[in-house]
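Derivation of every value follows stated rules applied to the coordinates shown; laboratory data play no part. The shown structure was predicted, so the numbers you read here are calculated from the model rather than taken from an experiment. Note that each Cβ is placed from the backbone with ideal geometry, even for glycine, and that neighbours are counted across all protein chains shown.
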């Protein structure tokens, strides 16, 4: 068999794709086809059936590694998590029979904080003999996942975890994964798509103006799912003026300082922020960039007392009222 070994600097990419939150038939087929296309050198590669692709990619995968322990623990764990996360699919279990020496590949990648969260989790469970659920809570690993929060955009994805931690709801310790749909109009499509294969409960968060999206999603909600519409307006409207004022002034310390009177109660918070940035010459207001900076400000300054009086209290309460608990 003609092939070239997978270079070590590509191990992280393969392991990341192999362990994302997707059914096995999606993630394994992606990895196996990638290995065949990039590293298998025979001319007839386009005529291979699934079993041939599995066998060839497995040989290339394992032969690219140094000699080491070939443990089946992770392969068995992936099967158990497939049962926990996803609807039964025979093709998934066919792919999961692949005997990739994942344990050895994990041992050969360099551990650092820039690794994707799923690889930090894998490194931790390979290096530890602890129960995976206790390990998740102990090291804030996110995995195994227990619940999905589906939101409209990146702002929610960047800020929800930070805010909820103030209410003693730690997403990574509890196994709560936040997924951004990429915009209001994509939420229903993403929800319909994911509940076709996902067993886990959803908490869907929508802005106040997403009534049509609410009406599309509601008939498909399962007993384990929750749907919440933000009464305050958009997600940014949940944050009290005081917090945003102090955050802006702490971010732009060498510039002019804005004041509470700069906030107009008759316009949305996003429009307020755009107007403030324009008025004081802070540059263009970029929602995602500001969300990252706001998250850091909240982490540093513990805004619990102020946020506890906001609608965030009801949002967290609704998250926790779901019939599915955040445990194994």
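If you average 1/r over every pair of different alpha-carbon atoms in the chain and take one over that average, what Kirkwood value in Å do you get? One decimal place: 22.3 Å for the Kirkwood radius.
Compared with the dominant principal axis of the Cα atoms in the chain, helix 50-63 is inclined by about 90°. Annotation: the antiparallel percentage among DSSP beta bridges lying fully within the chain is about 15.
Between residue 131 and residue 197, what is the FRET efficiency for a Förster distance of 25 Å, r being their Cβ-Cβ separation, to the nearest 0.05? Provide the component values of the computation, followed by the final result.
Numbers: r = 27 Å, r/R0 = 1.07.
The computed FRET efficiency comes out at 0.40.
Legend: ranking of residues 255, 9 from fewest to most surrounding C-beta atoms inside 10 Å; resulting order 9, 255. Dimensions of segment 238-304 from C-alpha coordinates, computed as largest minus smallest value along each principal axis and given longest first, are 27, 26, 21 Å.
Normalised by residue number, the volume inside the convex hull of the Cα atoms of segment 170-328 is 129 Å³ per residue. In terms of surrounding Cβ atoms within a 10 Å radius of their Cβ, 178, 267, 126 rank from fewest to most as 267, 126, 178. With respect to the chain, whose longest principal axis is taken over its alpha-carbon atoms, helix 117-127 is tilted by about 50°. For the pair segment 220-285 / segment 42-61, the C-alpha centres are spaced 53 Å from each other.
Taking other Cβ atoms within 10 Å as a rough exposure proxy, 27, 222, 99 sort from fewest to most as 222, 99, 27.
Each part gets one Cα centre, and for segment 172-219 versus segment 97-165 those centres are 21 Å apart.
For the chain, the longest principal axis of the C-alpha atoms and the axis of helix 24-39 are separated by about 60°.
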